[in-house]
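Inspection log for the structure reproduced underneath, given as structure tokens.
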Amino acid sequence: MNEPIPIEDWPARLERVIADHDGLWKRVFVLRETDSTQDAARRMNAVAGDVFVAWRQTSGRGRMGRVWADTGEGGVAVTFAVTAGAFSLPVLSVASAVGAARALEQLAGRSIDIKWPNDLEVDGKKLAGILIEQSGDVALIGIGINVSQREWPQDIANRAVSMAELGASVDRLDVLAALLPALDAALHMDAEQLKGAYAMRDVLRGKSAAFSTGDREVSGRVTEIDPLRGLLVRTAAGDQWLEAALTTVIAISR
Ligand code: BTN
């Protein structure tokens, strides 16, 4: 791995990417160290079009109250602010996963899986995670990507993978520079394009899994996924549609 590109070079490069693409992103804030880019965005009264990037994020948050490990200088932590009313939650969720997957596929030169609803995985190990929250009239899309880590906290050592471990020796700034336009492009896809882009990367269809959906748990074989609507699951009690916005995977059995 070459020397990391210094933080001093990040703002100008990312501003150039934004200027070259003339899309959703308007301003970028590069933070040397922050607890969570999601919380930094709230504290800084994010407006649609703002992007918050951390050189180091120390207390990242994940979905379902989970934590996202300290990025150190090895991971990307970024939050994008969009107008909440402009996209439904399922569209934000699917478009974020598709956009991030496409950016990382370009850099890694290989396909990347999406596990419901929007974890990015390779061979069952997590490469990136996405957290979407609302703050006033903006939705905050938080994306964490494992880039150059080769050592992991013990609790995630068997479940995490980085771009470096996949053989892609890329700088975090190059990951961000690819992610900005890729996320913008995915947020401009129509429903059919999003469904197709999701389906070709989806790892859950055909598998048996346990889900939490609303206030209940459901187990069964996934027979269909419409990422904008939900999952059709064949349970002992018959087929059930589990609503996209309410459903998360507890465990996959096979
Ligand atoms: C998950 O897999 O549960 C979602 C993880 C999301 C982590 C990212 S890192 C950038 C942004 N800031 C946070 O505190 N969380 C998200």
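Values in this text are rule-based calculations from the coordinates and carry no lab data. Just so we're clear, the structure is a prediction, and the values are computed from it rather than from any experiment. Note that we place each Cβ from the backbone using ideal geometry, even for glycine, and neighbour counts take in every protein chain shown.
Please enumerate, by chain and number, the lysines with C-alpha under 22 Å from the C-alpha of Lys195, excluding those fewer than 8 residues away in the same chain.
By straight Cα distance, Lys195 reaches Lys115, Lys126, Lys207.
Convert 4 °C to kelvin, take the viscosity as 1.567 mPa s, use the Kirkwood radius over C-alpha pairs of segment 1-146 as Rh, and evaluate the Stokes-Einstein diffusion coefficient in µm²/s, rounded to a whole number.
Numbers: Rh = 15.6 Å.
Reported coefficient: 83 µm²/s.
What is the dipole size for segment 1-47, taken about its Cα centre, with +1 at each Lys and Arg Cβ and -1 at each Asp and Glu Cβ, in debye to the nearest 20? Can you show the working numbers first?
Values: 7 positive and 9 negative charges, 53 e Å.
Value, rounded to 20: 260 debye.
For n ≥ 4 DSSP H runs only, could you compute -39500 (n - 2.57) per run for the chain, divide by its residues and tell me the 222 nm figure to the nearest 500?
Values: 5 runs with 64 residues, N = 254.
Result for the chain: -8000 deg cm²/dmol, rounded to the nearest 500.
Just need the Rg to Rh number for segment 26-104, please, alpha carbons only, Kirkwood Rh.
Values: Rg = 12.8 Å, Rh = 13.3 Å.
Checking Rg against Rh, the ratio lands at 0.96.
Angle check, please: helix 89-108 long axis (alpha carbons) against the longest principal axis of the chain (alpha carbons), in degrees 0 to 90, nearest 10.
60 degrees
Which order results if Thr34, Thr247, Thr58 are arranged by neighbouring Cβ count within 10 Å, fewest first? Let's see the in-between values first.
On the way: Thr34 24, Thr247 18, Thr58 14.
So the ranking, lowest neighbour count to highest, is Thr58, Thr247, Thr34.
Give the long-range amide H neighbours of Arg56: residues separated by 5 or more places, or on another chain, with amide H under 5 Å away, using H modelled in the peptide plane at 1.01 Å from N.
Close amide H contacts, sequence-distant or interchain: Glu33, Thr34.
About the Cα centre, and with charges only on the beta carbon of Lys, Arg (+1) and Asp, Glu (-1), how big is the dipole of the chain? Nearest 20 debye, please.
Values: 28 positive and 34 negative charges, 124 e Å.
Rounded to the nearest 20 debye, it is 600 debye.
Give me the angle, in degrees from 0 to 90, between the Cα long axis of helix 10-21 and the longest principal axis of the Cα atoms of the chain, rounded to the nearest 10.
Around 60 degrees separate the two axes.
Given 0.36 nm per residue, what is the gain on full extension from Asn45 to Arg32 after removing their alpha carbon distance, in nm? Before the final figure, lay out each step's value.
Numbers: separation 13, 0.36 × 13 = 4.68 nm, distance 1.83 nm.
Answer, rounded to one decimal: 2.9 nm.
For segment 43-86, run through the trypsin sites (Lys or Arg not before Pro) and keep only the ones in DSSP coil with at most 12 other Cβ atoms within 10 Å of their Cβ. Mind showing how you got there, number by number?
Values: sites: Arg43, Arg56, Arg61, Arg63, Arg66; in loops: Arg66.
Hits after loop and neighbour filter: Arg66.
Report the convex hull volume per residue for segment 133-254, counting only C-alpha atoms, in Å³. Before the final figure, lay out the partial values.
Details: hull volume 20.3 nm³, N = 122.
Hull volume over Cα atoms, normalised by residue count, gives 167 Å³.
Quick one: divide the alpha-carbon radius of gyration of the chain by 2.2 N^0.38 Å and tell me what you get.
Numbers: Rg = 17.6 Å, N = 254, 2.2 N^0.38 = 18.0 Å.
That ratio works out to 0.98.
Place a point 7 Å from Cα of Glu8 in the direction of its Cβ. Which residues in segment 30-44 have their backbone N less than 18 Å from it?
Residues 30-33 fall inside that zone.
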